[in-house]
1. For region 183-204, indicate whether the set of residues that are of a type outside the set (Gly, Ala, Ser), at pLDDT below 90 and closer than 29 Å to Phe442 by Cβ is non-empty.
2. Restricting region 112-155 to residues that are aliphatic (A, V, I, L, M) and outside any helix (DSSP H, G or I), which is surrounded by the fewest Cβ atoms within 10 Å (Cβ to Cβ)?
3. Mind listing just one residue for me: the one in region 481-504 that is modelled with pLDDT under 90, in contact with a Lys or Arg (Cβ under 8 Å, 6 or more places away or on another chain) and not hydrophobic (A, V, I, L, M, F, W, C) and, of those, farthest from Trp304 (Cα to Cα)?
4. For the subset of region 224-262 comprising residues that are crowded, with 24+ Cβ neighbours inside 10 Å and of a type in the set (S, T, N, Q), which member is nearest to Gly41 (Cα to Cα)?
5. Just checking, which of Ile173, Ile141 is in contact with a Cys (Cβ under 7 Å, 6 or more places away or on another chain) and either modelled with pLDDT of 85 or more or among the charged types (D, E, K, R) (or both)?
6. Determine the pairs where a residue that is closer than 27 Å to Gln46 by Cβ, located within region 176-198, has a partner that is among the aliphatic types (A, V, I, L, M) and surrounded by fewer than 18 Cβ atoms within 10 Å (Cβ to Cβ) with Cβ atoms under 7 Å apart, the partner being 6 or more residues away or on another chain.
7. Failed condition for Ser184, given (1) crowded, with 23+ Cβ neighbours inside 10 Å; (2) within 15 Å of the chain's Cα centre (by Cα); (3) among the polar types (S, T, N, Q), with all others met?
8. Looking at (1) part of a loop (DSSP other than H, G, I, E, B); (2) under 20 Å from the mean Cα position of the chain (by Cα); (3) not aromatic (Phe, Trp, Tyr), which one does Val42 not meet, given that it meets all the others?
Amino acid sequence: MYEPEGAACLMDQTKKYYTPDFIEHREYHETDLEEALQIAGVGKYQIWHCCLMVASLSSSLLEIVGTAFTLPAAACDLSLPYNLKGIITSVPNMGVILTAPLWGWAADSMGRKPVLLFTSAVAGTVSLAAAFTSSLAGFTICKFIASLFLSSPSSLGWAYMSEMLPKNRRDSIVLTCNGFLMMSSVLSPVIAWVILPSDWSYSDTDSVKPWRVLTASYALPLLITALLLTRASESPKFLMAKGKSRRALEVVKRIYSVNSGQPPERFYVTSIRSDDSERLMCSVSVDKWGSSGLDLLRPPHFKWLALTGFLMFGVFSLLNGLFLLAPDTINKVMSSESSTGTICMLAETPTNQTIACTDTMSAATFLIMVVTTILYSGLVMVIYLTPLNKKTLLVGMYAIVGAACLTAGLHENRVVAGVALSALQLTALGVGPLTVYAVHLFPTRLRGTAVGGVLMCGRAGSVVGATVAGYLLAEACSATFYGFTALLFLCAALSLWLPKHHSATRCSDLHEDTHR
């Protein structure tokens, strides 16, 4: 009899379920969803689904981070003032902040699949339109409208991914996917490096230029992801939360069939029961009104929402805030005639000055960004594969990146300072663990809203970080690095308040309560 991958640990307790006699003489077997997912195993279906979720998250990341490479090349055509650069760079995060609760509620009420598919398609279409605008106002408006739909593809994938996985493999797989997401961030500078150095334009009015092609290239993955999502199944946890146990069973059967190569009918579980928490999720009030975000403001949820939200704020204020200005900063430093001096000395730019008209960035800038992103992405992946628990990882990450931030602002050797500045990418280490905490600390009926809320706090950090850094790097450069360093050390201290979470990897842990 075929034993699905991932069920070996469970077999010690449930060997009788796999015996022909049991299947022949027991016409009906009822189990809960976690056990059904465990029996279905981890295999081809989860690999495909996790790749699709990473593609969704990567597509939104390209759209958000890509602005940092598009704007310097588009500065002439769009007449972009220097003092607006930080604000325009953070525009993709503004709509995410405004709509994160809305799309989180929609995902908890209408389903993961339809919401993710719709928002990805709309965000990709409007972002594509930005490539054909002729003014800074038009470009900004298109980016802002697209950002109103980016909250879902930039966050929902984590919950959608985890709800397709057995409990004992959930944490490790989500963290591994975050490592691959970090590695995918190298696509942003690589695509820019391929397109921007090209010295060409089409039409008499030069309406098609490399920066426009780059903008379109960053938008297309969202549309491709939306197309692939039509082949995905709805989350069985969401279906159970809505009382649709038959449909949830069909999804689990499909997972089993794809993983094992056996027909769905061979899956002996014929009914999935709701436990007490699931019955609560399916109560009349929830069916009528959906999962209310107001529940997150009540104990004990508010405490965890505030803590994980602030920690995510710290992560994104560096990752999508200060670090988004790294390409332009490194470009100025590498172009400087001096070989020594702090970043603040070498990259100083007068306020209210218009960025130089250029369609390219220096090859040294692209080389540094690509190489350091590959190295740090690999480091993130290696760290995720170590036995470090999430709490230790977060404390260490905040402390190390805080030290790197301080070094970047104070060291006078531009090579050392540049390496330290690029180390801000290591804040990506915090996204996975904090997302896993958000998944574990909140029940299914609130999970989509909670994850969206936590990542909304992160997007708020992106806007604040990019806006503050864009202004202070010109007005009070050294204070910028001191301020971000203090924020990181504060986050390291607050991380000590997080609960200790351990993946249920042993047979004795398989039925342990997830929400500890």
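The values are calculated or read from the model by the stated rules, or taken from the named source; none is laboratory data. Computed from a prediction, not measured in an experiment: that's the story for all the values here. As a convention, Cβ positions derive from the backbone with ideal geometry for all residues, glycine included, and neighbour counts pool all protein chains shown.
1. yes
2. Among them, the one singled out is Leu148.
3. Here the answer is Ser503.
4. Applying the filter and picking the extreme gives Ser235.
5. Values: Ile141 fails: in contact with a Cys (Cβ under 7 Å, 6 or more places away or on another chain).
Sole residue among the options that is in contact with a Cys (Cβ under 7 Å, 6 or more places away or on another chain) and either modelled with pLDDT of 85 or more or among the charged types (D, E, K, R) (or both): Ile173.
6. Gly179/Met381; Met183/Met381; Val186/Val370; Val186/Ile374
7. (1)
8. (2)
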